[in-house]
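Below: one structure, written as structure tokens.
The values are calculated or read from the model by the stated rules, or taken from the named source; none is laboratory data. If you're wondering where the values come from, they're calculated on a predicted model, not measured in any experiment. Quick reminder, even Gly has a Cβ in these numbers, built from the backbone with ideal geometry, and neighbours come from all protein chains shown.
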Amino acid sequence: AEEISMTTTFGTAASSIKEKMKPDGVMLHSLNTAAVPEPELMCIFGTGDLGRSLGQRLLQSGYRVVYGSRRPNTCASDPQVLDVFSMQAMTHAAAAQSASLIFVCVHREHYGFMEIMLVPHAAVVKGFNTLSSWALQNGLLAGKQVYLCGDNAEAKCAVAETATRLGLTVLDKGSLSAAGELEDFPLRLFSEWKIPLCVAVGLTAFFYFYLLIRDVIYAYVEKSSDISYRIMMSLGNEVFPIVSLIMLALCYLPGIIAAFFQLYRGTKYSRFPNWLDRWMLCRKQMGLVALGFAFLHAVYTFVKPLRYNVRYNQIAKAAAQVKQNNEITPFDNTEAWSDDSLLVLGILGFFLFVLLGLTSLPSVGGSLSWREFSFVQSKLGYLTLFICTAHVYIRGWNKFLKISTYKWYTPPGYMLCLIVPSVVLVLKLLLLLPCMDRTLTRIRQGWERTKAKEVMGVTNL
């Protein structure tokens with residue numbers, strides 16, 4: 001009879017099934033279980049939140065886990081600390097001898113037990129300190145980066161392999177001398193958001209007090225009119241779009257400045273000034289802050305018709321018309337066009353603004369190719385800036401030349417906010433000229449003006 005052999009694998013278990021046919025047609029089965037190596041054992045010093053969360057994640061990734069604790073008996077009796085079927089607690093010395101990889105998850109004030117040098121020949125690798133117990137518990141590790149540093153290449157490879165199995169992205173920061181820098185990572189407080197937040201707060205404060213003086217105080221001094229109620233809603237709805245548009249323009253201005261630096265120097269290999277480097281590194285955060293202000297403007301505009309003073313003014317205006325001549329003011333087609341254009345540009349601009357914000361998220365941007373991401377952030381970004389700037393121009397299209405617009409000889413806030421985006425758009429148009437665009441493209445592809453002159457000099461000789 002013919003012999004059939006089949007091997008199947010389930011997780012880490014493997015078995016060999018052999019079937020033989022007897023002359024009378026009865027099938028015989030024999031099961032040979034192959035020796036299966038045990039999963040690798042990991043040791044964790046510390047049974048706190050981070051240690052427990054890391055242990056659970058290691059178990060789910062196919063490892064065995066043992067804990068080293070100052071109070072192993074207490075931990076073993078607590079079901080919230082250990083899963084008795086897969087983890088166990090023992091002394092630090094016993095746990096250190098049983099595993100090849102040890103995670104130290106204890107507070108600094110409890111480092112004293114490590115002075116006995118539990119593992120004399122161990123290689124130290126710094127890493128995983130940027131992870132939180134909350135992220136480990138909830139499995140929010142996709143796309144997260146961990147930084148490793150150490151003097152032993154083999155030890156770093158072992159830790160990197162474990163991190164990869166956990167679903168993390170590993171970045172090598174070099175030797176163990178970089179450990180201090182890694183220690184500071186979790187302690188940073190909005191390090192990449194400081195400049196955008198400072199700019200936002202500064203612009204908000206400036207324009208709020210500027211409009212407070214120009215509108216509210218001016219009306220009280222010159223017309224004896226108390227419109228202080230506008231402080232709550234109207235001023236905010238004036239300031240939010242101003243700050244949003246300026247910060248959106250500031251997202252693209254450093255790229256234009258960098259392009260002119262490259263054109264002037266004739267190379268892309270010279271470093272930009274430090275202030276420009278820092279500015280370019282925080283463009284994403286600046287754009288997200290600008291999106292937040294644009295969202296506030298959209299919400300404030302949506303609730304504007306619900307306000308008491310708006311409803312009162314509408315009723316009072318209609319009553320006055322009826323009282324005077326019982327005639328309705330003729331429909332103004334030009335005003336209707338400007339209002340509808342203002343709304344359409346605002347809606348389109350906000351939609352593109354949200355699209356830019358979504359693609360800046362790692363989970364969304366990571367699914368795009370570089371060309372797709374560049375198209376959205378660059379081409380659609382400038383289109384967003386153009387539409388939002390046009391939205392503001394449409395608002396004041398018939399007021400720029402009116403003397404009554406300039407209270408106390410000061411321009412309205414929306415006119416001031418047009419300066420930065422208008423400059424950015426004009427400079428971008430200059431860079432799109434064929435002569436400048438062609439040269440800039442060659443420079444970004446590696447061409448250098450100095451080397452080109454040297455080659456020409458050699459050729460002439």
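Quick notes on this one:
- Taking residues in the stretch 226-241 that are over 12 Å from residue 296 (Cα atoms), and partners anywhere that are part of a helix (DSSP H, G or I) and polar (S, T, N, Q), the pairs with Cβ atoms closer than 7 Å and at least 6 places apart or on different chains are 229/309.
- Some residue of the stretch 323-340 being modelled with pLDDT under 75 and under 48 Å from the mean Cα position of the chain (by Cα): no
- Unique match (being at pLDDT 90 or above and outside the structural domain of residue 144 (by TED's automatic domain parsing)) among 423, 364: 423
- Once the stretch 404-447 is narrowed to residues that are of a type in the set (Lys, Arg) and touching a residue at least 60 places away in the same chain (Cβ under 8 Å), the residue that is surrounded by the most Cβ atoms within 10 Å (Cβ to Cβ) is 428.
- Residue match in the stretch 108-118 (condition: of a type outside the set (D, E, K, R), surrounded by fewer than 14 Cβ atoms within 10 Å (Cβ to Cβ) and in contact with a Leu (Cβ under 9 Å, 6 or more places away or on another chain)): no
- Output for the stretch 328-371, where each listed residue is closer than 25 Å to residue 296 by Cα and touching a residue at least 60 places away in the same chain (Cβ under 8 Å): 338, 353, 354, 356, 357, 360, 362, 363
- Residue selection: residue 332 fails the criterion of being assigned by TED's automatic domain parsing to the domain that holds residue 384 and closer than 30 Å to residue 378 by Cα.
- Verdict on residue 222 being of a type outside the set (A, V, I, L, M, F, W, C) and either surrounded by 12 or more Cβ atoms within 10 Å (Cβ to Cβ) or not in a helix (DSSP H, G or I) (or both): no
- Answer residue from the stretch 436-458, given it is among the hydrophobic types (A, V, I, L, M, F, W, C) and either at pLDDT below 90 or not assigned by TED's automatic domain parsing to the domain that holds residue 388 (or both) and is nearest to the chain's Cα centre (by Cα) among those: 447
- Here residue 392 meets the list (1) of a type in the set (A, V, I, L, M, F, W, C); (2) touching a Phe, Trp or Tyr at 6+ places or on another chain (Cβ under 7 Å); (3) closer than 22 Å to residue 259 by Cβ almost entirely, failing just condition (3).
- Looking across the stretch 31-86, just one residue is modelled with pLDDT under 85 and touching a Lys or Arg at 6+ places or on another chain (Cβ under 6 Å), and that is 39.
- Number of positions in the stretch 350-395 that are aliphatic (A, V, I, L, M) and assigned to a loop (DSSP other than H, G, I, E, B): 2
- Residues located in the stretch 120-151, provided they are under 22 Å from residue 98 (Cβ atoms) and exposed (fewer than 15 other Cβ atoms within 10 Å of the Cβ): 120, 121, 122, 124
- Residue, farthest from residue 194 (Cα to Cα), within the stretch 274-333, restricted to residues that are in a helix (DSSP H, G or I) and of a type in the set (Lys, Arg): 323
- Of residues in the stretch 231-245 being aliphatic (A, V, I, L, M) and buried (at least 22 other Cβ atoms within 10 Å of the Cβ), the one farthest from residue 219 (Cα to Cα): 245
- Candidates 197, 182, 141, 166, filtered to the one that is touching a Ser or Thr at 6+ places or on another chain (Cβ under 7 Å), touching a residue at least 40 places away in the same chain (Cβ under 8 Å) and at negative phi: 166
- Single match in 257, 242 (criterion: over 19 Å from residue 202 (Cα atoms), within 27 Å of the chain's Cα centre (by Cα) and of a type in the set (A, V, I, L, M)): 257
- Contact map, the stretch 36-50: residues that are free of Cβ contacts under 8 Å to residues at least 12 places away in the same chain paired with residues that are small (Gly, Ala, Ser), Cβ distance under 6 Å, separation 6+ or inter-chain. No pairs are found.
- In the stretch 43-54, of all residues being in a helix (DSSP H, G or I) and farther than 13 Å from residue 128 by Cα, the one that is nearest to the chain's Cα centre (by Cα) corresponds to 49.
- Here residue 89 clears all of (1) assigned to a loop (DSSP other than H, G, I, E, B); (2) of a type in the set (Gly, Ala, Ser); (3) closer than 17 Å to residue 48 by Cβ except the condition numbered (1).
- Residue match in the stretch 279-289 (condition: farther than 30 Å from residue 354 by Cβ and touching a Phe, Trp or Tyr at 6+ places or on another chain (Cβ under 8 Å)): no
- The selection criterion, being out of contact with any strand residue (DSSP E or B) (no Cβ under 6 Å at 6 or more places or on another chain), touching a residue at least 12 places away in the same chain (Cβ under 8 Å) and either of a type in the set (A, V, I, L, M, F, W, C) or over 21 Å from residue 390 (Cβ atoms) (or both), does not hold for residue 277.
- Just so you know, in the stretch 56-75 the residues that are among the polar types (S, T, N, Q) and either assigned to a loop (DSSP other than H, G, I, E, B) or under 35 Å from the mean Cα position of the chain (by Cα) (or both) include one that is surrounded by the fewest Cβ atoms within 10 Å (Cβ to Cβ), and it is 60.
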